[in-house]
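Everything below concerns the one structure shown next.
Every read-out reported here was derived from the displayed coordinates using simple, explicitly stated rules and does not represent laboratory data. This one's a predicted model, so the numbers in the text were calculated from it and none came from an experiment. Positions of Cβ are generated from backbone atoms using ideal geometry, with glycine treated the same way; all protein chains shown enter the neighbour counts.
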Amino acid sequence: MVNRTPLFTAGGTDVDLADPHFFAGDRFLEVAREARRRHPVAWTNPERDGFWSVTAYRPGREVLRRPDVFTSTRGMRLGAGAAAVAAASGRMLVVSDGADHQRLRPAHARWFSSRALADLAPGLRDTVDRRLRELVDRGEPVDVVADLALPVPSWVLFRMMGVPRRDWDELAALTATGFDDADPSPAAAAERAAAHSAVFAYFFELLERRRADPGDDIVSTLATADHGGRPLTDEEIVLNCDGLLNGGLETTPHAISGALLAFARHPEQWRRLRADPGLLDTAIEEILRHTSPPGHAMRTATRDTTLGDATIAGGDRVVVWLPSCNRDEEVFAEPDRFLVDRRPNPHVGFGGGPHYCVGAALARLELRCVLESLLGQVAEIREVGEPARQASNFLNGLRRLDVVLEPARTPATPTGPLR
Ligand code: HEM
């Protein structure tokens, strides 16, 4: 029998890290701080289908960098259904390792190269500028989750995937429903499953159309190119389209809305960035560290091993809590502060190792466009009421954030917004 102590008891025995509703409150970071200090690798939730919780940066990064010992092929998030994982394992990028992963990764990567993104950037800037102008002109509180943070990533990704404009809203809504794990009831689970099936059905149909009439988009490339010596199967293409929707639409919105909240709560950092837009790059990295949109990345041990002081048995699940790793005081000075000039900033917001986010450059571009546009148009961001957090241990971010965007009389630099 493997000894799995120490137990995760930080925050008291009522803390259930598998319960989405725990994350709708704001206790997680406080609980994680205590866990890092006492048991950075700890056996969690023993009475409820236990798993290892990694809350410290160094063991967390080690897990992400050793796919031979900590595999993604048995799922990368808590609560994913066994059947869904089995269907995607080895065929969808994020739940593949080794040769499968090496075959699938280049099929995605070309769409996120600096050349591909350079073509996309002017249209994206224009879209963000226009949308923000509308919001600023309203002159009243706006929910920046619904009106900015969700539409911007959807605009980019749907264009890249060649999804016709008329289908955007429906597909975005289905993706959100498919991932909304706040309600554990069988009825809600059935609704999630139906939403996933509808997304798959949509992409099977789009794939057929792109095969007949290929365009310059991700679906056409996946459908027509050889990857690792053979074309991808239809199931692989559709699974990876779903993976891109999840990767692109369930993360970047949280970074965008989280950035607005951070600047509303730290107005001196907004003034600092307005005074020196040369800090844009470090500000973007700080937003990624501070917001940490995926709440965790899960792995399964392929064999008995050790991690820090813990002895892990083959088959055990190991959950790396990314927002906690990004607040590790052994790596980040004053980790709870939001500092636009933080340097160095080796955050794990995009993960690490072979599964490092394939869309990282796109996410950074989206954040850059939003910040540039805000610098050009907004002098001050004021929070109105209390923001609502997502009830999810995976989607770490906001469901709603009302703010007033005070218009800027002059843009942040004498020459206008950065370009
Ligand atoms: C702020 C925005 C984003 C954050 C914080 C983020 C974070 C992450 C993290 C932590 C992982 C690693 C998961 C793991 O280790 O299991 C990951 C992987 C991935 N992300 Fe992102 N992501 C973002 C935006 C995007 C975008 C815009 C796309 C695409 C449109 C995308 C697509 C993916 C895909 C396909 C993977 C799997 C990569 C692989 O397994 O090789 N992500 N992302």
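Side notes on the structure shown:
- Exposure proxy ranking for 114, 96, based on other Cβ atoms within 10 angstrom of each Cβ and starting from the fewest, stands as 114, 96.
- Shape analysis of segment 1-135 places it in the oblate category; the axes a ≥ b ≥ c from the Cα gyration tensor give an a/c of at least 1.5, with a/b not above b/c.
- Computed about the Cα centre, the dipole magnitude for the chain is approximately 980 debye when only Lys and Arg (+1) and Asp and Glu (-1) carry charge, each at its Cβ.
- Extension gain for residue 169-residue 230 works out to 18.6 nm (0.36 nm per residue, less the C-alpha to C-alpha distance).
- Of all the options 106, 186, 354, the one that moves most in a Gaussian network model of the chain with Cα springs shorter than 10 angstrom is 186.
- Structure remark: mean-square fluctuation, Gaussian network model of the chain, C-alpha springs under 10 Å; the largest value among 31, 144, 358 belongs to 31.
- Cα shape, segment 69-193, gyration tensor, a/c 1.5 rule: oblate
- Per-residue Cβ neighbour rank within 10 angstrom, fewest leading, 327, 409: 409, 327
- Toward the positive end of the charge dipole of segment 20-407, with +1 on the Cβ of Lys and Arg and -1 on the Cβ of Asp and Glu, the farthest Cα among 215, 39, 391 is that of 39.
- Computed on the chain, with alpha-carbon pairs under 8 angstrom and 6+ residues apart, the relative contact order is 26 percent.
- Charged side chains reduced to their Cβ positions (Lys and Arg at +1, Asp and Glu at -1) give segment 173-255 a dipole of some 120 debye around its Cα centre.
- Helix content alone sets the calculated 222 nm mean residue ellipticity of the chain: runs of n ≥ 4 DSSP H residues at -39500 (n - 2.57) each, divided across all residues, give -14500 deg cm²/dmol.
- Loop-located GluC sites (Glu not before Pro) in segment 280-342 (DSSP state not H, G, I, E or B) with no more than 12 neighbouring Cβ atoms inside 10 Å: 330.
- Loop-located GluC sites (Glu not before Pro) across segment 32-79 with a Cβ neighbour count of 10 or fewer within 10 Å are 47, with loop assigned by DSSP.
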